[in-house]
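The values are calculated or read from the model by the stated rules, or taken from the named source; none is laboratory data. Every value quoted in this text rests on a predicted model; they were computed, and no experiment measured them. Virtual Cβ from ideal backbone geometry, glycine too; neighbours counted across all protein chains shown. Side chains included, ligands, DNA and RNA excluded: accessible areas come from the protein's heavy atoms. Shrake-Rupley method; radii C 1.70, N 1.55, O 1.52, S 1.80 Å.
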Amino acid sequence: MVNVIRPSKDSDGSILYRCKLCGAEYTETIPATGELFILVIQDILPWTSDSNTQVLNKLMHTNYIEGWELIPTGRLSTVDFSQYDTIYIANDQPDATYKRLAAYMDELVAFADNGGTLIIGACDEGWVDGNISSCLPAGITKGTYYSMNNYIASPNNDIVTGAKTPEGSITNASLLGTYCSHSYFTNLPADAEIILTDANGRPTLCEFSYGNGNIVLSGLTWEFYYVRNYLFGTSNFSKLCYDDLFLHSKTAVKTHEHIFNETVL
C-alpha cells in the first residue's frame with residue numbers, strides 16, 4: 001500500500017510505503033518544488049494542440065511552479081538560459097525548427113551541465129514530418145517506430161508513480177494508444193535510467209545525469225493525448241503524468257538504487 005502527500009512550492013511531500021502482509025512502514029520524502037521557472041521552445045502547436053499552455057498554466061495556478069515562458073526558435077539568440085530551472089523542447093516541430101535548434105544545442109547542453117534540466121521532446125515525424133536527429137546531444141541517436149503500446153521499465157520513477165501531483169500513476173494498460181510513441185533512443189550513456197520502452201523493448205523515455213544537471217529524452221505523444229484522449233478512449237497516460245514530467249525536472253537527481261535497512265517499528 002502506498003499513501004502520497006504531494007509537495008508544494010514551499011513544503012515537502014512524502015510517500016508512505018506499508019507492507020500489506022505485516023504492516024511494516026517506511027517514508028520517503030518528496031522535496032518541495034521550490035520556485036520553478038520553465039522555458040518551452042516551440043514554433044508551432046504540436047499536433048495542433050495547445051496542451052503545453054494548459055498543463056503549465058494549471059501547474060502555475062495550483063502553485064506548483066512560479067512561472068513559465070514560451071518562445072519560438074527565432075528568439076533563442078535573445079534568451080538568458082540561466083534564469084530558468086527547466087527547458088522543454090516541444091514535440092512535433094518542423095525541420096526548420098530543428099535546424100535552428102541545432103545551432104543552439106551547445107548552449108542548451110551547457111545549460112544542463114550547469115545544473116538545469118533539459119527535456120527534449122523527440123516525438124517527431126508526426127503531422128509536420130520534421131526530424132530532430134541532428135539536435136540530440138552526447139552522441140545519442142534516434143530511431144522511428146510508431147508503437148501502439150509502451151511498457152514501464154522503471155516503476156519507481158516519479159513520472160510513472162505520479163507522486164508529485166494528485167492524478168495518480170500510469171500503468172502498462174494506460175500506455176496503450178494509437179502511436180503512443182514515435183521515437184526510441186540508442187547510444188545512451190551507461191548511467192541512463194530507462195523509464196519506458198516501446199513494444200520492442202527499446203527506450204522511449206529516459207534520463208541521465210549531465211554534469212551538474214539532467215537530460216530527459218521523450219519519444220512519447222504527450223501533447224497529442226493530453227487534449228485528444230476523449231476522441232480515442234484508449235489512453236490516458238498524458239493526463240496522469242505529463243505535469244509530473246515538468247515537476248520531476250526540479251528534483252531530478254543522479255540515478256541510483258535505494259537500499260533500505262531493516263527497521264523495527
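Out of the total accessible area of the chain (probe 1.4 Å, heavy atoms of protein only), what percent is carbon and sulfur?
Answer for the chain is 51 percent, counting heavy atoms of protein chains only.
Lysine pairs, Cα distance under 22 Å, 8 or more residues apart or cross-chain: how many in the chain?
13
Counting helices only, and only those DSSP H runs with n ≥ 4, report the 222 nm mean residue ellipticity of the chain as the sum of -39,500 (n - 2.57) divided by its residues, in deg cm²/dmol to the nearest 500.
After summing the helix terms and dividing by residue count, I get -6500 deg cm²/dmol.
Using a simple spin-label model with points 7 Å from Cα along the Cα→Cβ vector, what separation in nm is obtained for Thr141 and Trp127?
3.1 nm
Counting pairs of alpha carbon atoms under 8 Å apart in space and at least six apart in sequence, what relative contact order in percent does the chain give?
18 percent
Could you do me a favour and compute the accessible area per residue for the chain, 1.4 Å probe, result in Å²?
45 Å²
Once the Cβ-Cβ distance between Thr48 and Lys20 is put in as r, and R0 is 41 Å, what FRET efficiency do you end up with, to the nearest 0.05?
Once the sixth-power term is evaluated, E becomes 0.35.
Taking all protein chains together and a probe of 1.4 Å, list Glu69, Glu207 from the most accessible to the least accessible.
Final ranking, largest accessible area leading: Glu69, Glu207.
How do the peptides 166-172, 116-122, 36-42 rank, highest first, by the average count of neighbouring beta carbon atoms within 10 Å per residue?
116-122, 36-42, 166-172
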